[in-house]
Every structure is written in structure tokens, then in C-alpha cells.
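As C-alpha cells, the structure follows; a few thoughts come after it.
Read the figures in this text as sums done on the coordinates, not as results from a lab. Keep in mind that this is a model prediction, so the values were computed, not measured. FYI the Cβ positions are ideal-geometry reconstructions off the backbone, even for glycines, and counts take in every protein chain you see.
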Amino acid sequence: MRTPIERAGHLQARIVNKLDRPWLWGVLSFAWMAVIYALSDRPAVDYDGVDDATSWLPFASSIAHVGLYFVLSMFVFRTITTTKRLGFGMTAYLTLFTALAFGVLDELHQSNVEGRASEATDVVADVFGAVLVVVFWFGLRKYRSNASG
């Protein structure tokens, strides 16, 4: 007979399994792309207060890019892994490619926004966010395989 804690854990696992669907992760990926697009579509004047508030933090813009693309890459990676059709290597490459392609397109779009400029360092930061996701998932995978014997 299961204890109440074991039953709660089993129920939680069933709920998570029902929510772990490729279409849901895909929707989250596209929604996050829309957030990134909306942020890059704003004129530079809208970010003057942010620049003042983060002037003490070196590379604040790059840190923001890494964070935004870390989340995007996590969603993309999970979308691909839940389909269970591709191996880890191809999933990693597609995740990195998605971050690179969307980062380049985002910078091209941003270059047409008033007061904004396109910077290669932003694309590097975008891809670095994706690399962090892939490295994290690789480490988690290795840890799980070592833990299971």
C-alpha cells in the first residue's frame, strides 16, 4: 500500500506527463518568440530608463539576450525531445540553429527600429543562451545515466 506522499508523487507525475506534449512546448516556443519580437520592436527611447538602472552592470544587454534565448532554447529543445523522433545530437543542433536563425532575424528586424542597431555580439549572446541549454541537458542526461548504474 502506498503512503500519501507516494500517491501525491504518482499523481504529480501523471499530471506532468499529460502536460508534456510537443504541441504545448511548440506553442510556448512561438509565444516566447513573440515576446522577443515585441521587445526588439520598441524604439531605443523606451529603454532609456533601463539603461540608467543597469549602468552599474557590465554587459547587461548581453545578459538579457542570454536569458531570453536560454528560455527560448529550453522550449525549442523540449518541443523536439517530446516528439521522440530525433537523437540527442540532432536535437542539440536544431536547438542551436533555431537560436542562431531567430537571433539573426531578430537583429535584422531590430536594425529597422528607430534608434536601435543590429549587433553581432547580440547574436553571439543569443547562441550562448542556447549552448547553455544544450550543455545543461547533456549534463542532466549524463548524471541520470550514472545514477541509474
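Given contacts defined as C-alpha pairs under 8 Å and at least six residues apart, what's the relative contact order of region 21-147, whole-number percent?
Relative contact order of region 21-147: 35 percent.
By other beta-carbon atoms within 10 Å, ranking E114, E107, E119 with the fewest at the front produces E114, E119, E107.
Each label was represented as a point 7 Å from its Cα along the Cα-to-Cβ direction; for A34 and S145 these points are 3.8 nm apart. Among S111, S145, the order by Cβ neighbours within 10 angstrom, fewest to most, reads S145, S111. Each label was represented as a point 7 Å from its Cα along the Cα-to-Cβ direction; for Y47 and A117 these points are 1.2 nm apart. Backbone phi angles across region 111-122, fed through the Karplus curve with coefficients 6.51, -1.76 and 1.60 (θ = phi - 60°), yield HN-Hα couplings of 5, 9, 9, 3, x, 9, 9, 8, 10, 5, 5, 5 Hz in residue order; Gly and Pro are listed as x.
Distance from the C-alpha centroid of region 21-39 to that of region 84-101: 16 Å, rounded to the whole angstrom.
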